[in-house]
Amino acid sequence: MHSKLSIIIPAYNEDRTIDDVLKSIMAVELPYQLKKECIIVDDCSNDDTVKFVEDFKVKNLDFEVYLIQHNANKGKGASIQTAISQVTGDLVIFQDADLECDPKDYVVLIEELVESKCNVVYGNRFSKQNSTHKRSLHYIINRLLTKMSNLKTGLSLTDMECCYKLMESSLLKKLELKEQRFGIEPEITAKLSKLTESKFAEVPISYSRRSYNSGKKIGWKDGIRALYCILKY
């Protein structure tokens, strides 16, 4: 049985939300008596992200929170790669430092992993419960990239780009990751699909999409890069 979940949080200029994210993670009661650790990689923020994380650590000394700081802005992919070597849990999940996805959904992801006897579970932000998002350009581009990814990997995912990717950490540590920015999503998917021991599942999760004015960072260039990564990896 699994014993600990490692939560990797790449963060860049997220002082508006990082404290709420950490509080939400701490409040979640994981099934199967799983413990939690948070590994935050600050990607050279120029706001108060680091201060909020350090303040949170001081106020919650019994909660495992580790902070790593980049001395230059490198990107989400680079932050994930930095964190992997610090993972001590036998399960790992990625958490963006905003609240587009709700940490309460860790429960359904973990339960699916155990009950289905899979070792990789992706969240699906565009299920029936989130049907309002299906009118957005973001959804259309995501569906296109996911379908292209499925063609190359042989998988049948609905939301390849979803932040919530839960997996056994032993699988993640086998991947030789290269992408520095958002290309990490298709790269991880492609490389996991090549591991013979990978067994995939997908579950609906809640989703509250934020705007660019609220700090969303992914752009059209990242979409082009994602397509390139699908073809490359």
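Read-outs throughout are calculated quantities, based only on the coordinates presented, and are distinct from any laboratory measurement. All figures in this text were calculated on a predicted structure; none of them were measured in a lab. For neighbour counting, all protein chains shown are included, and Cβ atoms are generated from backbone atoms with ideal geometry for every residue, glycine included.
For the reader, a short list of remarks on this structure follows.
- Neighbour cut-off at most 11 other Cβ (10 Å), DSSP loop, GluC sites (Glu not before Pro), segment 1-60: 29
- Sequence-distant residues sharing a close amide H with residue 45 (under 5 Å, placed H): 13
- Grouping the Cα pair distances of the chain into 10 Å bins from zero gives a pair-distance distribution of 8, 34, 40, 17, 1 percent in increasing distance order.
- Helix runs (DSSP H) in the chain reaching 20 Å along axis by Cα, Kyte-Doolittle at least -1.0: 137-153
- Every helix of 4 or more DSSP H residues in the chain counts as -39500 (n - 2.57), and over all residues that averages to -11000 deg cm²/dmol at 222 nm.
- Taking one quarter of the surface of the convex hull spanned by the alpha-carbon atoms of segment 25-85 gives a direction-averaged projected area of 5.0 nm².
- As a proxy for reagent exposure, ranking 85, 149 by other Cβ atoms within 10 Å from fewest up yields 85, 149.
- Once the gyration tensor of the Cα atoms in segment 62-181 is diagonalised, the equivalent ellipsoid follows with semi-axes of 24, 18, 16 Å, ordered largest first.
- Seen from every direction in turn and averaged, the convex hull around the alpha carbons of segment 1-49 projects onto 3.4 nm².
- Each DSSP beta bridge with both residues in the chain is either parallel or antiparallel, and the antiparallel ones are about 20%.
- Charge dipole of the chain (Cα centre as origin; +1 on each Lys and Arg Cβ, -1 on each Asp and Glu Cβ, all else neutral): 1020 debye, rounded to the nearest 20.
- Amide H within-cut-off set for residue 65, under 5 Å, with H built and near neighbours excluded: 38
- Fewest-first sequence of 160, 26, 1 by Cβ atoms within 10 Å of each Cβ: 1, 26, 160
- Farthest towards the positive end of the charge dipole of the chain, among the residues 68, 87, 158, is the Cα of 158, using unit charges on the Cβ of Lys, Arg, Asp and Glu.
- Among the chymotrypsin sites (Phe, Trp or Tyr not before Pro) in segment 154-201, none sits in a DSSP loop with a Cβ that has at most 13 other Cβ atoms within 10 Å.
- Members of 76/104; 57/173; 59/178 lying beyond 30 Å, as alpha-carbon distances in this model show: 59/178
- Dipole of the chain [Lys/Arg +1, Asp/Glu -1 at C-beta], most positive-end residue of 224, 24, 108: 224
- Extension gain, residue 1 to residue 115: 0.36 nm times the residue separation minus the Cα-Cα distance gives 39.9 nm.
- Each of 100, 115 has some number of other Cβ atoms within 10 Å of its Cβ, and from fewest to most they run 115, 100.
- Under Karplus coefficients 6.51, -1.76 and 1.60, residue-wise ³J(HN,Hα) of segment 85-93 in Hz, glycine/proline x: 5, 9, 5, 10, x, 8, 10, 9, 9
- Between residue 28 and residue 156, full extension at 0.36 nm per residue minus the direct alpha carbon distance yields a gain of 43.1 nm.
- For residue 35, the residues 5 or more places off, or on other chains, whose built amide H falls under 5 Å of its own are 4, 5.
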